[in-house]
Amino acid sequence: MQQPGNHTTYPYEPEFSVSKLFKDRWNDFRYILSFKKTIACAVIAGVLAGVLAAKIKDPTYTARLSFVIDASKSGGSGGLSALAGQFGFNLDGLGASNGVLAGDNVQELVKSHRLIKATLLTPYDKTQTLADRYAVVNKLDEKWLKYSNTGKPIRFPLNGKGNSRIQDSLLHEMTLLILKGDFGISKTDKKLDFFEISTTMKDEKLSLLFCQRMLNQATDFYISTKTQRIRNNVARLQHRADSIAALLNRKTYTLSAANQSLLNLNPAYTTANAGIEVRERDKIVLTTIFSETIKNLEASKAILSQETPTVQIVDEPELPLKKNRLKYSVAIITGVFVSFILAATSILILKNKKGNK
């Protein structure tokens, strides 16, 4: 309740009406259409801009590669784990499907910065790497001239040997650009272990090589990581077998020489026979140890062979690749739409300014 003597007034707020809102917008649209010459000029400008954009935009090339991973499953590794347990190896969980590199984790592995950088540092031809070519195609070499101390474009040596800090930084920038839209991996079916790699770049050969070599890098890293523990065991057993074999060979030659010298000794000297018996005993012990080591080594090699996952290519990209160009129809429609919106906005802004005056 308003107190006596208080004459405060409040601004009037009209009631919201959907029909009035549509009516106002329709009036605005009719007002815009009254500027026929302005709209016509905007449409013509949009058409010309669309045609020009479609003509000057560089085409891109898409390479697609699908593959499937055949990894050992937890159900099939029980026998191998039991066999390995007899020789002192622990393979529990090696083939389990819930491992670090199982399922959808493969997608994150393939998109890792490490693998992308390693792929960029592989050769494009005899004179340049994929990183060099990517920089040229996307005109990054011109942009990066300001970082060069020699005034020449920055180059990237094979395998990143001797890279400077600025080269590593630029490689990181290229990696981010590639992940932003040039490269991707997806799972074609959630129930299956089929994956598809796609690469879209402005150079056909670059797109093809990058797609293929990304899979090679990922495959090598994937298999190496999954089998690292068994490979270490195989290497250890191989080194032990070689050492025992060399020692056994020396013992054999020593025993043979002792037997030869025994023929010329007086039979009254019995200590010589004792020395030969000791050498024979040592040889028998070494032979037994060598036999068991070789048995364990061969068993470990069999386990390594069965537990090594297989990455099988299903469909591989072939030249010529799919060529992507900006269609004239799409470019023209987009240009007309954008130019009409800009013209309509300008007309309404001018209208409001006139109304406020």
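The values are calculated or read from the model by the stated rules, or taken from the named source; none is laboratory data. Keep in mind the model is a prediction, meaning the values are calculated, not measured. Here the Cβ is made from the backbone with ideal geometry for all residues, glycine too, and neighbour counts use every protein chain on show.
Using beta carbons and a limit of 6 Å, which pairs, at least six apart or on different chains, have the first residue in the stretch 130-144 and without any contact (Cβ under 8 Å) to a residue 60 or more places away in the chain and the second one of a type outside the set (A, V, I, L, M)?
What qualifies is ALA131/PHE156; ASP132/ARG155; ASP132/PHE156; ALA135/ASP141; ASP141/PRO153.
Name the single residue that is nearest to THR119 (Cα to Cα) among those in the stretch 145-160 being touching a Leu at 6+ places or on another chain (Cβ under 9 Å) and not hydrophobic (A, V, I, L, M, F, W, C). Give the derivation first.
As a first pass, look at the stretch 145-160 and keep what is touching a Leu at 6+ places or on another chain (Cβ under 9 Å): 147, 151-154, 156-160.
Next, from what is left, pick out any that are not hydrophobic (A, V, I, L, M, F, W, C): 147, 151-153, 157, 159-160.
Working: TYR147: 23, GLY151: 27, LYS152: 24, PRO153: 20, PRO157: 12, ASN159: 9, GLY160: 10 Å.
Filtering the stretch 145-160 for residues that are touching a Leu at 6+ places or on another chain (Cβ under 9 Å) and not hydrophobic (A, V, I, L, M, F, W, C), the one nearest to THR119 (Cα to Cα) comes out as ASN159.
Do we find that LEU215 is under 10 Å from the mean Cα position of the chain (by Cα) and aliphatic (A, V, I, L, M) in this structure?
On the way: under 10 Å from the mean Cα position of the chain (by Cα): yes; aliphatic (A, V, I, L, M): yes.
Against the criterion (under 10 Å from the mean Cα position of the chain (by Cα) and aliphatic (A, V, I, L, M)), LEU215 qualifies.
Can we say ILE303 is modelled with pLDDT of 85 or more, in contact with a Gly (Cβ under 8 Å, 6 or more places away or on another chain) and either in a helix (DSSP H, G or I) or among the charged types (D, E, K, R) (or both)? I'd like the intermediate steps shown before the answer.
Numbers: modelled with pLDDT of 85 or more: yes; in contact with a Gly (Cβ under 8 Å, 6 or more places away or on another chain): no; either in a helix (DSSP H, G or I) or among the charged types (D, E, K, R) (or both): yes.
Taking the combined requirement at face value, the residue does not satisfy it.
From the list LYS139, LYS146, LYS111, exactly one residue is modelled with pLDDT under 90, more than 18 Å from LYS180 (Cβ to Cβ) and among the basic types (Lys, Arg). Which is it? Explain how you work it out, then say what you get.
Values: LYS139 fails: more than 18 Å from LYS180 (Cβ to Cβ); LYS111 fails: more than 18 Å from LYS180 (Cβ to Cβ).
On inspection, the qualifying residue turns out to be LYS146.
Hey, can you tell me all the residues within the stretch 111-137 that are surrounded by fewer than 19 Cβ atoms within 10 Å (Cβ to Cβ) and not aliphatic (A, V, I, L, M)?
Matches in the stretch 111-137: LYS111, SER112, HIS113, ARG114, THR122, PRO123, ASP125, LYS126, THR127, GLN128.
Could you tell me whether any residue of the stretch 56-75 is over 31 Å from the mean Cα position of the chain (by Cα) and modelled with pLDDT of 85 or more?
So the first thing to find is which residues in the stretch 56-75 are over 31 Å from the mean Cα position of the chain (by Cα), and the list is 56.
Subsequent filtering for residues that are modelled with pLDDT of 85 or more retains none.
Scanning the stretch 56-75 turns up no residue that is over 31 Å from the mean Cα position of the chain (by Cα) and modelled with pLDDT of 85 or more.
Go through the stretch 313-341 and give me each residue that's among the polar types (S, T, N, Q) and outside any helix (DSSP H, G or I).
So in the stretch 313-341, the residues among the polar types (S, T, N, Q) come out as 324, 329, 334, 339.
ASN324 - this is the single residue of the stretch 313-341 that is among the polar types (S, T, N, Q) and outside any helix (DSSP H, G or I).
Among the listed residues LEU265, LEU192, LEU206, LEU255, which satisfies the condition of being out of contact with any Cys (no Cβ under 8 Å at 6 or more places or on another chain), at pLDDT 85 or above and of a type in the set (A, V, I, L, M, F, W, C)? Steps first, please.
Working: LEU265 fails: at pLDDT 85 or above; LEU192 fails: at pLDDT 85 or above; LEU255 fails: at pLDDT 85 or above.
After ruling out the rest, the residue left standing is LEU206.
For the stretch 116-150, give me the residue count where each residue is among the hydrophobic types (A, V, I, L, M, F, W, C), under 11 Å from PHE210 (Cα atoms) and part of a helix (DSSP H, G or I).
At the first step, the residues of the stretch 116-150 found to be among the hydrophobic types (A, V, I, L, M, F, W, C) are 116, 118, 120-121, 130-131, 135-137, 140, 144-145.
Remaining after also requiring under 11 Å from PHE210 (Cα atoms): 116, 118, 120-121, 130-131.
From what's left, part of a helix (DSSP H, G or I): 116, 118, 120, 130-131.
Counting residues in the stretch 116-150 that are among the hydrophobic types (A, V, I, L, M, F, W, C), under 11 Å from PHE210 (Cα atoms) and part of a helix (DSSP H, G or I) gives 5.
List every residue pair whose Cβ atoms sit under 6 Å apart, with the two residues 6 or more apart in sequence or on different chains, where the first one lies in the stretch 186-211 and is polar (S, T, N, Q) and the second, anywhere, is part of a helix (DSSP H, G or I) and modelled with pLDDT of 85 or more.
That search, which allows pairs on different chains as well, returns THR199/SER207; THR199/PHE210; THR199/CYS211; THR200/ASP182.
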